[in-house]
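Chemist: The following block contains the structure, expressed as structure tokens.
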Amino acid sequence: MRVVSGELKGRALKAVPGTSTRPTTDKVKEALFNMIGPYFTGGLGLDLFAGSGGLGIEALSRGLDQVIFVDREGKAIHVINENLKSCDLEGKAEVYRNDAVRALKAIQKRGLVFDYIFLDPPYKKQQLVKLLEMIENEGLIHQEGLIICEHASDFSLPEKIGKLAQTRNEKYGIIGITLFNVDGNNEGEV
């Protein structure tokens, strides 16, 4: 695993040991960021189910100002912190050990609103619809923001969830990527 592009291009990233975490491949990461960027001029991101932190670190490398990383696994938190340190990004990141639902509730209490939210939950414990409903209900995404969902390619998400509208869906082998934004905003469409 490595940073694919941006300021930290080529920087190696550690993976979480064991089989409980499935890192996004460099090929899928590159395709995903080409869909949503590929580069940014600032902004706040949330990497929920962060694993090794690869998506959030890639977003920072490509220009986001700050990313909040959340994972419930202690091993993942350790690896995220190691990867942030090796990339000299500690000042641009917050890292929390928490489950996704409790993390979203804590974020809502802080009044944070994101430009990009990365959701890459374990495929077998799919809870994307519930998380998207929470994000929409709590107003955690900016009007111009994008939510990026990674899931099994044989899994389909609804076209609309509250005010969120699906703008793009792509498949890369066994991996599916679905983008959502606030209805009425065409950013992210191709």
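The values are calculated or read from the model by the stated rules, or taken from the named source; none is laboratory data. Only a predicted model underlies this, so the values are computations on that prediction, with no experimental measurement involved. Here the Cβ is made from the backbone with ideal geometry for all residues, glycine too, and neighbour counts use every protein chain on show. Protein only, heavy atoms only, side chains kept; ligands, DNA and RNA dropped before computing areas. Shrake-Rupley method; radii C 1.70, N 1.55, O 1.52, S 1.80 Å.
Chemist: Rolling a 1.4 angstrom probe over the protein heavy atoms, how many square angstrom per residue are accessible across the chain?
Modeler: Dividing the accessible area of the chain by its residue count gives 47 Å².
Chemist: Taking Lys160 as the anchor, which lysines have their alpha carbon closer than 16 Å to its alpha carbon, excluding any fewer than eight residues away along the same chain?
Modeler: The reachable lysines, counting only those whose Cα sits under 16 Å from Lys160, are Lys130.
Chemist: Which percent of the accessible heavy-atom area of the stretch 18-156 goes to carbon and sulfur, probe 1.4 angstrom?
Modeler: 47
Chemist: Ok, one more. If I stretch the segment between Lys109 and Glu133 completely, what's the gain in nm (0.36 nm per residue apart, minus their alpha carbon distance), one decimal?
Modeler: 7.0 nm
Chemist: Thr41 to Asn169: extension gain in nm, 0.36 nm per residue of separation minus the Cα-Cα distance?
Modeler: 43.6 nm
Chemist: Of Lys14/Lys92; Lys27/Lys105; Lys92/Lys163, which ones are farther than 23 Å apart at the Cα?
Modeler: Lys27/Lys105; Lys92/Lys163
Chemist: Let me ask something else. Need one word for the stretch 98-190: rounded, prolate or oblate. Basis is the Cα gyration tensor (sqrt eigenvalues a ≥ b ≥ c); a/c below 1.5 gives rounded, then a/b vs b/c decides.
Modeler: The shape class here is oblate.
Chemist: Rounded if a/c is under 1.5, else prolate if a/b beats b/c, else oblate: with a ≥ b ≥ c from the C-alpha gyration tensor eigenvalues square-rooted, which is the stretch 52-120?
Modeler: Verdict is oblate for the stretch 52-120.
Chemist: Can you pull the accessible area of Arg2 for me, 1.4 Å probe, Å² to the nearest 10?
Modeler: 90
Chemist: Counting only the backbone N, which residues of the stretch 143-171 are under 17 Å from the spot 7 Å out from the Cα of Val101 toward its beta-carbon?
Modeler: Nothing falls inside the zone, counting backbone N under 17 Å.
Chemist: Another question about this same structure. Any chance you could look up the accessible area of Glu133 with a 1.4 Å probe, heavy atoms only, rounded to 10 Å²?
Modeler: My reading of the accessible area for Glu133 is about 90 Å².
Chemist: Continuing with the same structure: Could you give the length gained on full extension between Asn34 and Arg2, defined as 0.36 nm per residue of separation minus the Cα-Cα distance, in nm?
Modeler: 9.9 nm
Chemist: Could you tell me which label, among [x] 0.92; [y] 0.96; [z] 1.41, carries the value of Rg/Rh (Cα atoms, Kirkwood Rh) calculated for this structure?
Modeler: Only one option fits the structure, namely [x].
Chemist: From the phi angles alone, apply the Karplus equation (6.51, -1.76, 1.60; θ = phi - 60°) to the stretch 136-142 and give each ³J(HN,Hα) in whole Hz, x where the residue is Gly or Pro.
Modeler: 5, 4, 8, x, 8, 10, 4
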